[in-house]
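The values are calculated or read from the model by the stated rules, or taken from the named source; none is laboratory data. In this text, all values refer to a predicted model and were calculated from it rather than measured experimentally. Note that we place each Cβ from the backbone using ideal geometry, even for glycine, and neighbour counts take in every protein chain shown. Ligands, DNA and RNA are excluded from the accessible area calculation, which covers all protein heavy atoms including side chains. Shrake-Rupley method; radii C 1.70, N 1.55, O 1.52, S 1.80 Å.
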Amino acid sequence: MTFETIAFEVENNVAKLTLNRPDSLNSFTQKMHEEVRSVLTQVRDDASIRCLLITGAGRGFCAGQDLNDRSVKSDQAAPDLGESVEKNYNPLIRTIFDLEKPVICAVNGVAAGAGASIALACDIVIAARSASFIQAFCKIGLVPDSGGTWSLPRALGLPRAKALALLGDKLSAEQAAQWGMIWQCVDDDKLQEEALKLAAHLATQPTKGLARIKKLLNESMSNPLHVQLEAEKAAMRELGRSNDYREGVAAFIEKRAPKFQGN
Ligand code: T3D
C-alpha cells in the first residue's frame, strides 16, 4: 500500500511508521491523520505485529499540527480546534496508549507541539542527540494537547512541566534524558539502529505480558494502591495461564533460550 504522508513497513514482527512530510517537519495534516489511523488499526489488529516503532523522516520528528491549514482571514470563522482534537489527536493518543504491544518512539529531530505529546505517549522514547522537545503551544495561544498536560507533569513533576509549557523553551534530548522524560539519548547516526534493535528485542518477548505491564503502569498514575494491587492480581491470574509464561518457566528449567509466541 502506498501513502502520501507516511511510510509504513512490517518486518520480523516489527512495524515501523515513519511520518513523512519532511519539508514541514512532518507536521500533521488531515491526510496524515487518516493514514496514521489506518496503519495503527492494522498494527492493533495484526497479532503477528509485536512492536511498533514510530519515527520521522528528514531533520524533524514532528512539528505538531500543520499551521498552514489553520491560517484564517479576519473575516473568516475560527476553526473548531476542539473538534480537531476530538476527531484526530485524542483518538491517536488513545490508540498508542491502549495498544496492547510496546510502542517505541525514535525522535530523530525536533518534536514540537503535538509532536512532543505524541512522543511522550509512546512507551519507550529514544532520541538523537541533536533532537529537542518544544512545548510550542504557548507561543500561539494554545495549551499542550494530545495528553501533554497529563504526561509532562507525570514525567517531570509540576515545576519543570509548568516552566516548559509556559515558556515554550527548547529542551535538548540530552537534558530530557537527564531529567527522565525519555529513556535514552544516542548519537544521531546510531538512532535508527538502536531503536530497531530495541524493537526487534521487544518483538521476541511475551507480548501479552508486556501489554499488561504497560496497562498496569499507565493506570498506576491514577490508581490508589488497593486498586492497583487488585489489578496486578488479575493480570497475574490471566498471565499465569498464558503460553508464554509456560514457555518462560520451561526454558528456565531446561536452561535454554525461551521462544515466546506472544500469547
Ligand atoms: O489545530 C489543531 O488541530 C489543534 C491541535 C494543535 C496541536 C499542535 O500541535 S499546535 C502547535 C503547532 N506547532 C507549532 O506551533 C510549531 C511550529 N514550528 C516551529 O515553531 C518551528 O518550525 C520549530 C521550532 C518546530 C522548528 O524550527 P526550525 O527553525 O528548526 O525550522 P523552521 O524553519 O521553523 O521550519 C522548517 C520548515 O517547516 C518551514 O518551512 P519553509 O519555510 O522551509 O517552507 C516551516 O514553515 C515548516 N514548519 C515547521 N513547523 C510547521 C511547519 N509548517 C506547518 N506547520 C508547522 N507546525
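Return the percentage of antiparallel bridges among DSSP beta bridges fully within the chain, rounded to the nearest 5 %. Write down the numbers at each step before the final one.
Details: 9 of 32 bridges.
The antiparallel fraction comes to roughly 30 percent.
May I ask which residue of Thr18, Leu53, Tyr89 lies farthest towards the positive end of the charge dipole of the stretch 1-96, with charges of +1 (Lys, Arg) and -1 (Asp, Glu) on Cβ and the Cα centre as origin?
The one lying farthest along the dipole's positive direction is Leu53.
Please flag any cysteine in the chain that has no other cysteine's Cβ under 4.7 angstrom from its own Cβ.
Those would be Cys51, Cys62, Cys138, Cys185, since no other cysteine Cβ in the chain comes under 4.7 Å of theirs.
Asp80 to Leu229: FRET efficiency via 1/(1 + (r/R0)^6), r the Cβ-Cβ distance, R0 51 Å, to the nearest 0.05? Don't skip to the answer; put the middle values down first.
Details: r = 43 Å, r/R0 = 0.84.
Approximately 0.75, to the nearest 0.05.
Anyone know which of Asn108, Asn88, Asn223 comes out most mobile in the 10 Å Cα GNM of the chain?
Asn223
Ordering His33, His226, His201 by how much accessible area each has at a 1.4 Å probe, largest first, what is the list?
Ranked list, largest accessible area first: His226, His201, His33.
Straight-line reach from Lys31: which lysines have a Cα under 27 Å away, not including same-chain ones fewer than 8 places off?
Lys16, Lys73, Lys87, Lys101, Lys139
Once Rh for the stretch 207-254 is found with the Kirkwood sum over Cα pairs, what is the Stokes-Einstein diffusion coefficient at 10 °C and 1.306 mPa s, in µm²/s? Intermediate values should be presented prior to the final figure.
Numbers: Rh = 11.6 Å.
Stokes-Einstein gives a translational diffusion coefficient of 137 µm²/s.
To the nearest 0.05, how large is the calculated FRET efficiency for Lys215 and Gln184 if R₀ is 25 Å and r is the Cβ-Cβ distance?
Once the sixth-power term is evaluated, E becomes 0.65.
Using the alpha carbons of the stretch 60-152, what is the convex hull volume per residue in cubic angstrom, as a whole number?
97
Determine the sum of side-chain charges near Leu239: Lys and Arg each +1, Asp and Glu each -1, restricted to other residues whose C-beta is under 9 angstrom from that of Leu239. Don't skip to the answer; put the middle values down first.
Details: positive: Lys208, Arg212, Arg237, Arg241; negative: Glu238, Asp244.
That works out to +2.
Ignoring ligands, DNA and RNA, how do Asp75, Asp45, Asp187, Asp244 rank by accessible area with a 1.4 Å probe, largest first?
Largest to smallest exposure gives the sequence Asp75, Asp45, Asp187, Asp244.
Less than 12 Å Cβ to Cβ from Arg129, Lys/Arg counted +1 and Asp/Glu -1: what total charge do the surrounding residues give?
Surrounding charge for Arg129 is -4.
At q = 0.17 Å⁻¹, work out log10 I(q)/I(0) for the stretch 116-248 with the Debye formula, treating every Cα as an identical point scatterer and leaving solvent out; two decimals please.
-1.01
Within 10 Å of each candidate Cβ there may be at most 16 other Cβ atoms; applying that plus a DSSP loop requirement, which trypsin sites (Lys or Arg not before Pro) in the stretch 219-263 survive?
Arg241, Lys255, Arg256, Lys259
Assign one of three labels to the stretch 6-202, namely rounded, prolate or oblate, based on the Cα gyration tensor with a ≥ b ≥ c the square roots of its eigenvalues; rounded applies when a/c is under 1.5, prolate when it is not and a/b is larger than b/c, and oblate otherwise.
Oblate shape, in that a/c is at least 1.5 and b/c is the bigger or equal ratio.
Can you give me the distance in nm between label points at Asp23 and Ala257, each placed 7 Å from the Cα along the Cα-to-Cβ direction?
For the pair Asp23/Ala257, the computed spacing is 4.5 nm.
State, to one decimal in nm, how far the label point of Ser222 lies from the label point of Asn68, with both points 7 Å from Cα in the Cβ direction.
Calculated label separation equals 3.7 nm.
Assuming 0.36 nm per residue, please report the length gained on full extension of the stretch Ala47 to Glu238 beyond their Cα-Cα distance.
Values: separation 191, 0.36 × 191 = 68.76 nm, distance 1.81 nm.
Value of the extension gain: 66.9 nm.
By how many nm would the segment from Lys87 to Ala7 lengthen if fully extended, with 0.36 nm per residue of separation less the alpha-carbon distance?
Gain on stretching Lys87 to Ala7: 26.6 nm.
Below 20 Å, Cα to Cα, which aspartates and glutamates can Lys162 reach? Residues fewer than 8 away in the same chain don't count.
Counting by Cα, and skipping residues close in sequence, Lys162 has these aspartates and glutamates nearby: Asp145, Glu174.
Pick out which of Ala77, Ala163, Ala57 has the largest mean-square fluctuation in a Gaussian network model of the chain, springs linking Cα atoms closer than 10 Å.
The residue with the greatest mean-square fluctuation here is Ala77.
What is the sum of charges, Lys and Arg at +1 and Asp and Glu at -1, for the other residues whose Cβ falls under 14 Å from the Cβ of Asp169? Kindly include the intermediate steps, with their values, before the conclusion.
Working: positive: Lys139, Arg160, Lys162, Lys170; negative: none.
With Lys, Arg at +1 and Asp, Glu at -1, the neighbours total +4.
Considering every pair of different Cα atoms, what Kirkwood radius, in Å, is found for the stretch 1-91?
Over the stretch 1-91, the inverse of the mean reciprocal pair distance is 14.4 Å.
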